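Shown next, in structure tokens, is the structure this report addresses.
The values are calculated or read from the model by the stated rules, or taken from the named source; none is laboratory data. These figures come from a predicted structure and were not determined experimentally. Methodologically, a virtual Cβ is constructed for each residue, glycine included, from the backbone with ideal geometry; neighbour enumeration extends over all protein chains shown.
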Amino acid sequence: NPFEGATQENVDYLIVNRTAVTEIEQEIVSGFLTSDIFALPAGNLGFATGFEYRREFADYRPGAGNQLNITRDGGGSPTTGEYFTTDVYAETYIPVLGGGFNPIPFIDYADVEASYRLMNNTRAGVDEAWAVGLSMGILEDLNFRANVARTVRAPAVTELFLPRVQSSQFAADPCSANNLNGGPRPAVRAANCAAEGLPPTFISQAQNATVSGFTGGNPQLNNETADSYNFGLVFSPRWVDGLTLSVDYINIAIEDAITSFTLTQIMQACYDSTNYPNSFCNSFTRLPNGQLPSINAFTSGYVNAAIQEFDSVELAARYQTELNDVFFLNQIESDLGTFDATLRVYNVQTNTTSSTGFDYNDTVGQRSNPNWRGDVRAQWYRGPVTAFVDVEYTGSGLVSKFAVPYQYIDETGNPYYNFDSYTTVDIGGSYDWNNVTFRASIQNVTDEGYTNAEKAHGYYNIGRIFNVGVTARF
């Protein structure tokens, strides 16, 4: 009898309150002052200061049946939490050159911007963020820009207080024989699995049958911090009106990055670390025979995942013009509309993660994280008519930088190590008629697809997709 031992009040509560309830509140009080402080030879020095007080609150109450422990609806346990943060900040803008003050030849202007913010979070503690930026004009066509910054992200209320719920997951057990020689450091993984007492011939059942555990928020999360710097050049040739070319270098290093770990990632963080055993090893359990238990096998969710490092070069070009201004079309009297196109190319040098702070996993060069990506966005519009073409390119890459020889075999029995690049094309347009907009588009016009080997690694065909729509405004 599910109601056995329950009071009439609890039974009434169960009947009336079957639905889980989530409540999120945010309160903000802020203020600021801004003004020009005094005049410099190149212009006015600007200054701003302010404060912000914020309260974040979350409350989760599952269905009454789960609270009375007479159902198994997976609704999770009740969770309530809040935090307060008090911030103060200051910003300044300093014109160094320009405005008629140009004592350095070939430098048209130079500006410096700086900011500082002090944050006191009742859960994540005290931290600070700052930034310094420089913008400098060289002659009339070239602009140099640079920025150095330290930024902070406090844990979100959902990351802290998301309720713990049951989760069933497969796991690519690092100690299973077919995974033992993988990972960023196969020798370290093999040694740690041996220290666990598992033989090299061990076969984990969690790869073929799910195990049950719990996943949710983590009230012990710390702030994310990031140190970054970037610099670049922007070239706008005066003899080609509407054309802008740019190149930028970006470098970001994040510490204590917040991420949600799966069971597989938890086990990898345990066995791929040179610091074994570590805290991640306490987040899952094994039976005496080495298998994961079918229930209560793990606890996963949000963690501060130590380190992420990223650096990349971005090349970009933009051209915008009235078509009637193009030299071979300038004799046409009718309005030909406006053309706007943007080309971007990314070359990723490093994208390294470390779940433990000891072992680094750089996947740049894999198809899932290729060295080269790019896209082209072209648009034409004239009056109520707009048309566009979007082209996206993803470079070729290895199946895995950590694969052992002959780990991947295709349907013909031949080994494969990398996937080819691919390009998708989308086209579409819209027409405005009074208060109504008609839209139509085709995604993946060329019906780009994947090989069977790519599908086996989670690359699912998107096919060719047709969209039509109407928006009416009243």
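Observations, loosely collected:
- For the stretch 178-191, the condition holds for at least one residue, the condition being that it is farther than 14 Å from residue 268 by Cβ, modelled with pLDDT under 95 and of a type in the set (A, V, I, L, M).
Conditions (1) within 20 Å of the chain's Cα centre (by Cα); (2) under 30 Å from residue 246 (Cβ atoms), marked per residue:
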| residue | (1), (2) |
| --- | --- |
| 267 | no, no |
| 271 | no, no |
| 275 | no, no |
| 281 | no, no |
| 292 | no, no |
| 297 | no, no |
| 309 | yes, yes |
| 315 | no, yes |
| 320 | no, yes |
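- Filtered by the rule that a residue be small (Gly, Ala, Ser), outside any loop (DSSP other than H, G, I, E, B) and within 23 Å of the chain's Cα centre (by Cα), the stretch 386-436 gives a lone residue, 397.
- Tally, over the stretch 436-467, of residues that are among the aliphatic types (A, V, I, L, M) and closer than 22 Å to residue 391 by Cβ: 5
- If only residues of the stretch 273-302 that are among the small types (Gly, Ala, Ser) and in a loop (DSSP other than H, G, I, E, B) are counted, the one that is surrounded by the fewest Cβ atoms within 10 Å (Cβ to Cβ) is 294.
- Residue, nearest to residue 56 (Cα to Cα), within the stretch 120-139, restricted to residues that are crowded, with 18+ Cβ neighbours inside 10 Å and without any contact (Cβ under 8 Å) to a residue 40 or more places away in the chain: 129
- Unmet criterion (only one of (1) loosely packed, with under 14 Cβ neighbours inside 10 Å; (2) within 30 Å of residue 258 (Cα to Cα); (3) of a type in the set (A, V, I, L, M, F, W, C)) for residue 364: (1)
Each row is one residue, and each column tells you yes or no for (1) modelled with pLDDT of 85 or more; (2) buried (at least 17 other Cβ atoms within 10 Å of the Cβ); (3) farther than 30 Å from residue 147 by Cβ.
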| residue | (1), (2), (3) |
| --- | --- |
| 44 | yes, no, no |
| 66 | no, yes, yes |
| 79 | no, yes, yes |
| 91 | yes, yes, no |
| 103 | yes, no, no |
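- Number of positions in the stretch 146-185 that are small (Gly, Ala, Ser) and under 24 Å from the mean Cα position of the chain (by Cα): 8
- Of the set (1) in contact with a Lys or Arg (Cβ under 7 Å, 6 or more places away or on another chain); (2) more than 26 Å from residue 230 (Cα to Cα); (3) surrounded by 15 or more Cβ atoms within 10 Å (Cβ to Cβ); (4) at pLDDT 90 or above, all apply to residue 84 but (3).
- Every pair of residues 6+ apart whose Cβ atoms lie under 7 Å, when the first sits in the stretch 242-254 and is more than 30 Å from residue 152 (Cβ to Cβ) while the second is hydrophobic (A, V, I, L, M, F, W, C) and buried (at least 17 other Cβ atoms within 10 Å of the Cβ): 244/234
- Condition check for residue 306: crowded, with 16+ Cβ neighbours inside 10 Å, farther than 22 Å from residue 395 by Cα and either in contact with a Cys (Cβ under 8 Å, 6 or more places away or on another chain) or not β-branched (Val, Ile, Thr) (or both): yes
- Number of the condition not met by residue 110 [criteria: (1) touching a residue at least 12 places away in the same chain (Cβ under 8 Å); (2) in a strand (DSSP E or B); (3) closer than 25 Å to residue 222 by Cβ; (4) not aromatic (Phe, Trp, Tyr)]: (3)
- The selection criterion, being in contact with a helix residue (DSSP H, G or I) (Cβ under 6 Å, 6 or more places away or on another chain), on the phi < 0 side of the Ramachandran plot, among the hydroxyl-bearing types (Ser, Thr, Tyr) and part of a strand (DSSP E or B), does not hold for residue 321.
- Filtering the stretch 433-459 to residues that are surrounded by 15 or more Cβ atoms within 10 Å (Cβ to Cβ) and of a type in the set (Asp, Glu) leaves 448, 454.
- Some residue of the stretch 181-197 being part of a strand (DSSP E or B) and not aromatic (Phe, Trp, Tyr): no
- Selection of first residues in the stretch 42-57 that are closer than 28 Å to residue 84 by Cβ and among the polar types (S, T, N, Q) and of second residues that are modelled with pLDDT of 95 or more and in a strand (DSSP E or B), restricted to Cβ pairs under 6 Å at least 6 apart or on distinct chains, gives the following pairs, ordered by first then second residue: 49/33; 49/90.
- Residue 123, sole failed condition from (1) closer than 18 Å to residue 248 by Cβ; (2) not in a strand (DSSP E or B): (1)
- Residues located in the stretch 346-385, provided they are of a type in the set (Asp, Glu) and part of a loop (DSSP other than H, G, I, E, B): 359
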